[in-house]
1. Counting other Cβ atoms within 10 Å, keep those with at most 16, restrict to DSSP loop, and tell me which GluC sites (Glu not before Pro) in the range 51-81 are left.
2. Under a 10 Å cutoff between Cα atoms, tell me which one of Ser78, Ser52, Ser14 has the largest fluctuation in the Gaussian network model of the chain.
3. When ligands, DNA and RNA are left out and all protein chains stay put, how many square angstrom of accessible area per residue does the chain have with a 1.4 Å probe?
4. Restricting to DSSP H runs of at least four residues, report the calculated mean residue ellipticity at 222 nm for the chain, -39500 (n - 2.57) per run over all residues, nearest 500 deg cm²/dmol.
5. Roughly how big is the chain's charge dipole about its Cα centre, with Cβ charges of +1 (Lys, Arg) and -1 (Asp, Glu), in debye to the nearest 20?
Amino acid sequence: MVWKRGGLVAEVCSERRSRVALLHVDATQPVVLEGPAAVIWDLIDGQRTEQSILAELEATFEDRTGQMHSQVEDFLASLEAQRLIEAAPGSGH
């Protein structure tokens, strides 16, 4: 699956991009991402697959619990449910 950022999402980032605040135009509360979540957001570009995002995360963060793959899938599903990301055209979703 290839994800892209939602078209109706406003984004504000800290200077070092370690924190990102997101707000869907229809939402009443912003979503603040920090640490690995902010890194994932930066990797969502409409071109990378979930597998390539996961590979980059595994190269950056140690997967001590062996649950990184399922945690990333759950996180992406959460972003999709909040309409912050959507399937890129032609990605088969």
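1. Glu62
2. Of Ser78, Ser52, Ser14, the most mobile in the Gaussian network model is Ser14.
3. 63
4. -10500 deg cm²/dmol
5. Approximately 220 debye in magnitude.
The values are calculated or read from the model by the stated rules, or taken from the named source; none is laboratory data. Predicted, not measured: the structure shown is a model, and the values here were computed from it. Note that each Cβ is placed from the backbone with ideal geometry, even for glycine, and that neighbours are counted across all protein chains shown. In case anyone asks, the SASA skips ligands and DNA or RNA and just uses the protein heavy atoms, side chains included. Shrake-Rupley method; radii C 1.70, N 1.55, O 1.52, S 1.80 Å.
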